[in-house]
1. Name the residues whose placed amide hydrogens come within less than 5 Å of the amide hydrogen of A:Ser160, ignoring near sequence neighbours (fewer than 5 apart) on the same chain.
2. May I ask you to derive the relative contact order of chain A, considering only C-alpha pairs under 8 Å and at least 6 residues apart, and to give it as an integer percent?
3. Under unit Cβ charges (Lys, Arg +1; Asp, Glu -1), what dipole magnitude, rounded to 20 debye, does the protein assembly as shown have relative to its Cα centre?
4. With a cap of 12 neighbouring Cβ atoms within 10 Å, and only residues DSSP puts in a loop, list the chymotrypsin sites (Phe, Trp or Tyr not before Pro) found in segment A:173-271.
5. What do you get for chymotrypsin sites (Phe, Trp or Tyr not before Pro) in segment B:98-128 restricted to DSSP loop and a cutoff of at most 16 other Cβ within 10 Å of the site's Cβ?
6. So if I place +1 on the C-beta of Lys and Arg and -1 on the C-beta of Asp and Glu, and nothing else carries charge, what would the dipole magnitude of segment A:54-208 be about its Cα centre? I want it in debye, nearest 20.
7. Could you give each residue of segment A:113-122 its phi-based ³J(HN,Hα) in whole Hz, using Karplus coefficients 6.51, -1.76, 1.60 with θ = phi - 60°, and x for Gly or Pro?
8. Based solely on its DSSP helices, what 222 nm [θ] is calculated for chain A when runs of n ≥ 4 H residues each add -39,500 (n - 2.57) and the sum is averaged over all residues, nearest 500 deg cm²/dmol?
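The values are calculated or read from the model by the stated rules, or taken from the named source; none is laboratory data. Here the structure is a predicted model, which is why all the values come from computation and not from measurement. Here the Cβ positions follow ideal geometry from the backbone for every residue, glycine too, while neighbour counts run over all protein chains shown. All accessible areas refer to the heavy atoms of the entire protein, side chains included, with ligands and DNA or RNA removed. Shrake-Rupley method; radii C 1.70, N 1.55, O 1.52, S 1.80 Å.
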Amino acid sequence: MTVTYLPMLLVDVAGSVTMIVFAFMSLNRASGLKEKHPENILFLYLVWICAAFTIFAVSRSFGHLLKQMLILSDNTDIWAQISPYSGSINTISFMVVGLITLFFKQSWQINTELLSSRKNLEETRVKLIDLNQTLEQKVVERTEMLTSSEHKCRRIFEQSLDTILVTDDNWRILETNPAGVDLTGYSRNKLVIGGMHMESLFADKAEWDRISRIIETKEYILNEEIEFIKPDGSVQHVILTGGIDYGAFGCERRFHFIIKNINEKKEMEKQIAQADKLAALGELSAGVAHEINNPLGIIMGHTQLILKQEAGNEFKYFEDLKTIEKHVKNCRTVVADLLAFSRKGSTEHGVMDINRIVKDVAGFVRNHSDFRDVEITLDIDGEQSLEAMGNEQELRQVFINLLINACHAVEKSGAVHISTGTDHEGRLLVHVRDNGCGIRRRDLDRIFDPFFTTKPGGQGTGLGLSVSYGIVKHFGGTITAGNRKEAGAKFTVSLPAAEKQTEAQ
Amino acid sequence: MRNFFKTVPGASLFLLFFSDPAFATQMHSGTEGVIVHQFGHLFFLFSMVVLILTITGKELNREKGWRLIQYAAFFFILWNMAAFAAHLLDNQMNTVTVSNISFSEITITAENGSRLIEIAYYLLKLDHLLCVPAIFFLYRGLCHIPVKEAS
């Protein structure tokens, strides 16, 4: 069959060129996709397959074009030599195309899994971000709460007027607040950094043993009234409440205490009790003095009458009557003192210059033959006149009593110091200090009691301080006794200033 | 281990100097090339069938891009069949002979004188009419590949 060759030629040439063009366009397109999404395995696969198709198209089309050219130029023998190579390359190229195509399923699978993993990863990342944000938010909230709570606790701890004290398992102080430093009188360094033992705060070691035993047994202690001792030796009355804390994880035993200072309350109670006692004693003394005073007056009258009648005669009982008269006078002095203590007597009041009285009394005592070896010093507040309302003679008696007591306390060879001044309320103060043996603690409560004396028998009536107490009280003042930090005793007379007293009246 | 290093070089030297010819290399005839080429076409065809089935199996043909690639594979199948048939007729079985009469005419002669074979051969030689659409569909398919595949 003879046919026209032209259609075959045209289709062959045009088809070959078109094949090459579309193959390259496909490769370009696939490469574009790959570049846009370099992480996509499928597009990488498409690049590979398009590359294989391009090789296939080029090798095939090149072969065809060459064949046509050689046939048309009557060089069929050359083509006969080339065609096996061209055919082989062509075979290899579509073998490669076929081979790559067979991996489509696997490529798709890998891509799907990758995409799925990436999606999961993204979801997980979003969740993680969300969780992280939530966590951060929670951390911020918790931190704020914690800070607020810490601040609140710290404020309570720092500003509490009661002492808060924490000790370790061995009762060593770990922490305390400023009130604790004030109460104990020890520095924070000594208490906390020095790890002071709780026992050191107790005035009575037996009391500490009892308290620690109770805490160990019951794991708490409630409102126990005890005494602390300060570094200066003074005693502090406190109420102790405490318990055991095992810490946040239950493995660290600590003791927590809240200690309330009741010193002022105790002092006040003591003063009230003292005042009540002295008032009752005053009433009693006044009654007794009144009842005794009349018979004493009769005895004295009759004795003196007989002595007067028998004056100039050789009277047999003259000495006896004199003895009676002397002792009755003594008795009347005691009775007068008792009345002075109870202030049942009436005296005239006027303005008293405290500084002048103190100077006079000091001069008087200095000149007393018994106390010449005592060094009496004065510290008079001369800048302002210290004037109080009262009876000057009686106030002199008060200061004489106090000075004589002080001179006795220093055993007639120590130092007595008198100072005057005012307190922050404007009350007038007179301090009498000595460097003697001081007052025993058990005697402090009874020192103003009538007939209470620490002097050897016959040397004192025990009425001096009680009379002084009565006088000062009658003037609207107070008299207190105590021991000095260094050594010796200190008496303080406090009187209302004259103007204030007048204004009040 | 020491024995190994002594034995292997000795054995190698023995084989080198004292071995006889083994005739292990197989000879190949000229028709092997055509058969390999035909197997290539069949393999290409098979891979295109697999591609079509995979796209259908994964329901990717819902997307225009993959559908166009399926068409490309289909045309490549047709092209492979045509090429296989043409090679069968001229190279493998030598049933058809082609000779150039002039620049514009050729003569196709079937060995058995069948006019139908001659016409069929002529048409089969226009195989670019199958492979050009195939590559065109491949390109268009790539143009319509959904970008969502990447995400």
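1. Amide H neighbours of A:Ser160: none.
2. Numbers: 663 pairs, mean separation 39.1, N = 505.
Normalised by residue count, the contact order of chain A is 8 percent.
3. Numbers: 66 positive and 75 negative charges, 292 e Å.
Result for the protein assembly as shown is approximately 1400 debye, rounded to the nearest 20.
4. Numbers: sites: A:Tyr186, A:Phe202, A:Trp208, A:Tyr220, A:Phe228, A:Tyr246, A:Phe249, A:Phe255, A:Phe257; in loops: A:Tyr186, A:Tyr246, A:Phe249.
Here the chymotrypsin sites (Phe, Trp or Tyr not before Pro) that fit, given the DSSP loop and packing criteria, are A:Tyr246, A:Phe249.
5. Values: sites: B:Phe103, B:Tyr121, B:Tyr122; in loops: B:Phe103.
Passing both the DSSP loop test and the Cβ count: B:Phe103.
6. Working: 16 positive and 19 negative charges, 186 e Å.
Using Cβ point charges on Lys, Arg, Asp and Glu, segment A:54-208 gives about 900 debye.
7. 5, 4, 4, 4, 4, 5, 4, 4, 4, 5
8. Numbers: 13 runs with 292 residues, N = 505.
Rounded to the nearest 500, it is -20000 deg cm²/dmol.
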